[in-house]
Ligand SMILES: NC(=O)c1ccc[n+]([C@@H]2O[C@H](COP(=O)([O-])OP(=O)(O)OC[C@H]3O[C@@H](n4cnc5c(N)ncnc54)[C@H](OP(=O)(O)O)[C@@H]3O)[C@@H](O)[C@H]2O)c1
């Protein structure tokens, strides 16, 4: 399918690993000039190098990705990332909000400052990015914003209660702001993954399989007992949906949250 993304520009946050890195890879492979943002300099540099290695292959003329190190808990850092991205890319057509702090566990055992950090990076971080980049897109009457949220937005899980709350707030925000952005031809949608096979998860299943002399699929099948399709979501599925939402293939779609979770959460 021709997505028409070649020559566009994008910012992907949380792009040093996991879903964000997979999205950066996919978007760059479509010929998009991409700024990759994360906190740890070394990891981000390696990730950008990995994505850059695809430049010049398969007719991909996208420039090598630009890694920008930033702590997205801080408003001033987000301002800097946006200013630097606009300066280096010329303009920003696509924003993928994806950065988050990984955490889980008992609510009462979670330090209060960790609760605040989870909210700051993902909840406030996504909202601040939209607040600061949308005027730039609205002025150009063009842009697509994709928020990577999570299926716990719909049904909270006890050991992920703060993450669930942040996710619910972000789906509400995505739906709520869409109408205003639409007046300037800017779209905003979200993708809510269920439990996803990131590199970390992949390694853990491979180790278990080796230790128990089982196949990878057998262990995954066991782990995914509560998921009707009995498999974890592949990062490529999230990346592919991001490409569709970034492109004009669904040019009439805005304010939507798309759940990709193997059928785990049957919500409306
Ligand atoms: N994996 C899943 O099963 C799953 C399920 C549902 C939803 N999601 C959502 O999908 C998104 C990606 O998940 P993932 O599992 O791929 O995440 P991950 O592997 O934990 O990676 C998180 C990314 O966010 C960056 N980050 C964290 N704190 C930051 C900060 N203060 N400033 C800048 N960057 C920061 C990390 O960079 P550094 O390492 O440099 O800090 C990293 O690049 C998240 O929003 C997550 O909630 C994931």
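What follows is calculated from the coordinates using simple rules that are stated; it is not laboratory data. Treat the numbers as computed from the prediction; the structure is a model and nothing was measured. Cβ atoms come from the backbone with ideal geometry, glycine included; neighbour counts cover every protein chain shown.
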Could you tell me the calculated FRET efficiency between residue 55 and residue 249, based on Cβ-Cβ distance and R0 = 41 angstrom, to the nearest 0.05?
0.95
With the chain treated as a Gaussian network of Cα nodes joined by springs under 10 Å, which of 15, 52, 76 yields the largest mean-square fluctuation?
76
Stretched out fully, how many nm does the piece from residue 2 to residue 71 gain, at 0.36 nm a residue minus the Cα gap?
21.3 nm
Tilt relative to the chain, helix 18-29 - C-alpha long axis, 0 to 90 degrees, to 10:
40 degrees
Pull out the extension gain between residue 127 and residue 102, defined as 0.36 nm times the separation in residues minus the alpha carbon to alpha carbon distance; nm, one decimal.
7.1 nm
Computed over the chain: longest principal axis from alpha-carbon atoms vs helix 235-246 long axis, angle to nearest 10 degrees, is 30 degrees
Using 7 Å Cα-to-Cβ label points, what is the residue 216/residue 234 separation (nm, one decimal)?
1.1 nm
Assuming R0 = 41 Å, what is the FRET efficiency of residue 83 and residue 158, from their Cβ-Cβ distance, to the nearest 0.05?
0.50
In degrees, nearest 10, range 0 to 90: what is the angle between the Cα axis of helix 199-212 and the longest Cα principal axis of the chain?
20 degrees
Per the helix-only calculation at 222 nm, which mean residue ellipticity applies to the chain, given -39500 (n - 2.57) for every DSSP H run of n ≥ 4 and division by its residues, nearest 500 deg cm²/dmol?
-14000 deg cm²/dmol
Which one of 154, 128, 225 has the biggest mean-square fluctuation once the chain is modelled by GNM with Cα springs under 10 Å?
225
